[in-house]
1. I'd like the full set of residues that are within 20 Å of B:THR304 (Cα to Cα) and either part of a loop (DSSP other than H, G, I, E, B) or open to solvent by 60 Å² or more (accessible area, probe 1.4 Å) (or both), limited to the range B:17-35.
2. Taking the range A:184-221, which residues are in a loop (DSSP other than H, G, I, E, B) and open to solvent by 10 Å² or more (accessible area, probe 1.4 Å)?
3. Determine the pairs where a residue that is under 21 Å from A:ARG201 (Cβ atoms), located within the range A:138-155, has a partner that is of a type in the set (D, E, K, R) with Cβ atoms under 8 Å apart, the partner being 6 or more residues away or on another chain.
4. Could you check A:HIS100 against (1) open to solvent by less than 20 Å² (accessible area, probe 1.4 Å); (2) in contact with a Phe, Trp or Tyr (Cβ under 7 Å, 6 or more places away or on another chain); (3) within 21 Å of A:LEU212 (Cα to Cα) and say which number it fails?
5. Assess whether B:LEU297 counts as being closer than 19 Å to B:PRO19 by Cα and open to solvent by 60 Å² or more (accessible area, probe 1.4 Å).
6. I need a count of the residues in the range A:156-183 that are under 15 Å from A:ARG203 (Cβ atoms), more than 14 Å from chain B (Cβ to nearest Cβ) and open to solvent by less than 40 Å² (accessible area, probe 1.4 Å).
7. Consider only pairs whose beta carbons are under 9 Å apart and that are at least six residues apart or on different chains; among these, list those whose first residue lies in the range B:300-329 and is assigned to a loop (DSSP other than H, G, I, E, B) and whose second residue is open to solvent by 40 Å² or more (accessible area, probe 1.4 Å) and among the small types (Gly, Ala, Ser).
8. Within the range B:229-238, track down each residue that is in a helix (DSSP H, G or I) and either over 22 Å from A:LYS84 (Cα atoms) or open to solvent by 10 Å² or more (accessible area, probe 1.4 Å) (or both).
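The values are calculated or read from the model by the stated rules, or taken from the named source; none is laboratory data. This structure is a prediction, so every number in the text was calculated from the model and none was measured. Reconstructed Cβ throughout: ideal geometry from the backbone, glycine too, with neighbour counts over all protein chains shown. Please note that ligands, DNA and RNA were not included when accessible areas were found on the heavy atoms of the full protein model with its side chains. Shrake-Rupley method; radii C 1.70, N 1.55, O 1.52, S 1.80 Å.
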Amino acid sequence: MNKASQESSKPPIKQFACLEAQNLSVLRSGIEVLKNISFSACAGELVVIIGPNGAGKSSLLKAMSGELPAASGAIHIHELEIAKLDASQRAQSLAVLSQHTNLNFPFSVSEVVEMGRMPFATGRAYDQEVCAKAMQTFDCYDYHGRTYTQLSGGEQQRAQLARVFAQAWPKLAYSPQYIFLDEPNSSLDLSHQKMLLEACRQRAKDNAVLILVLHDLNLACQYADRILLLDKGQLKASGKPWEVCTETLLSEVYQVDVKVVQHPSKDCPVVYI
Amino acid sequence: MHRETAKRILYLQLILLLPLSLLALCIGTEPSSISDALQALLGRADNTEQLIIRDIRLPRLLLAILVGAMLASCGTASQGLFRNPLADPSLIGVSAGASMGASLCIVFAAAVLDVPLSFLLIALSAFLGGALASFLVYRLSLGDYGTSVAMMLLAGIAVSALAGAISSFSEFYSDNEQLRRISIWQMGNLSGSSSMQRWSLFALLVAVLFFLQINAQRLNALLLGESEARHLGVNVDGLKVLVVLLIAAGLGLSVALAGIISFIGLVVPHIMRLLIGPDHRFLIVNSALGGALLLLLADTLARTIVLPTELPVGVLTALLGAPFFLVLLRSKRQKIL
């Protein structure tokens, strides 16, 4: 066996994207919004966080992106503590879509998307190519010259998604990437929700770690590798869709009677009330 | 496509600056011809002509250009910082804060600190007053999802009122000479600057433009939102402190030199955004030039339309700018309420 093939057969442990939360607690204005949460997510996984309003979903996402400080416990990405990364390092491996985006200035859609390439020095030509592909992924290339402030809510959301995906575009040399999306399907129609989740699946296949907050349990069940169920700041359950989306668990957490049946064509649960 | 338009507008403004400057040199109580004006600039005209053009009109012209450029750049920066096209330094209390600092200095510096009243001291206290006001308004108007327009304007009103009251209080304790000085200066006046003052304003303008320009991309990202900018790798807190300091310094020095000249910082960035889009990489320099042009034009008008006396230029810019602001408010009504 020659040397080259020996080297390629070694598992690239150091480069393997992995996110780990250990005994994480977070305070917001003195109230403990996350209590003692531990989980991990690895390259190639699409993890969906679900839970009732105020369960701490967005707070968990913000703590993972380093925006909210941990009161106790810690979050590591790629074996490094998130709080200790500097801003540009973090921006190169982590792309985040917040729940509320508010842009009042008349940028064009492509200008908004190009901001996603800010953390990188990959050259204008390459950046524009990446942005064009990202816009095509989210079906907003057709209106890339239009003014952002004049778009509908769904069109704005797609432009923001294209910006986040342009930031987390697969690199030429493999390096770990994390994509956090907070309710990315809000204000998207059915076909664009499907487009979004399929783009997420594709990025997971390209070895990124994706963590999404979703309210739609059926979308979560169909696309997630793993579901985290949050309730009152605590991690109530974590596992495959069939393990988490059970009638007893969901009825207890959401305080409403739910029925769970098998999806007619896929091996995943369908939840209805 | 914005890039090309931006360049064209930039060149157009540079070209416009020449004839407008010549015009400003030539007209006034004692109009002179263009060739006379050029002769006087080269020092070859007779004494009176030379005095009028080189020692009175030229310094005034230079100061108008510098102050206009400074006000427009600071306006652009503060609108970027607040992520709001209505955040003009004179509306959100920064100018009033700077003015308060300067008034306090004029009246009390000599009495309390027992030092001679110097221009630098006035500029420094104007800077401190402006910085205080901008930090205060920024902290008050910052909500969870960006700055709230209503809070920003209300906080601006409150801070302006407070600063105005303190200014009035200091006027109450001033003697006749100080009072005259304060009131002339508050109306906005571009005449009678020394070359040292113009050089210091020029140096500060270069610094402000330099620091804004190298942060232009980061300011763009900040328009997306604070956390968005953080996720794009921007050191948001550092950027905010830098911008507030630049605005306060720029406004402080302009206010110390020329009094409150409102609306340049609101109108110019707005017109520029309509022409070339909101990208700070092109907006900052274009706004600076636009501000220079507009204030030069306004000042030339102010000193010629009611000959033989002249209007304070601050009155004229407010007369022109306030209706513009009302139109702006009307067009943005849905977003504000």
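1. Listed by number, the residues that qualify are B:LEU18, B:PRO19, B:LEU23, B:ILE27, B:GLY28, B:THR29, B:GLU30, B:PRO31, B:SER32, B:SER33, B:ILE34.
2. Those that are in a loop (DSSP other than H, G, I, E, B) and open to solvent by 10 Å² or more (accessible area, probe 1.4 Å): A:ASN185, A:SER186, A:SER187, A:LEU188, A:ASP189, A:ASP206, A:ASN207, A:HIS215, A:ASP216.
3. A:PHE138/A:ARG158; A:ASP139/A:ARG158; A:CYS140/A:GLU155; A:CYS140/A:ARG158; A:GLY154/A:ASP189
4. All conditions pass for A:HIS100, except number (1).
5. Criteria met by B:LEU297.
6. Number of matching residues: 2.
7. B:GLU310/B:SER191
8. B:ARG230, B:HIS231, B:ASP237, B:GLY238 - these are the residues of the range B:229-238 that are in a helix (DSSP H, G or I) and either over 22 Å from A:LYS84 (Cα atoms) or open to solvent by 10 Å² or more (accessible area, probe 1.4 Å) (or both).
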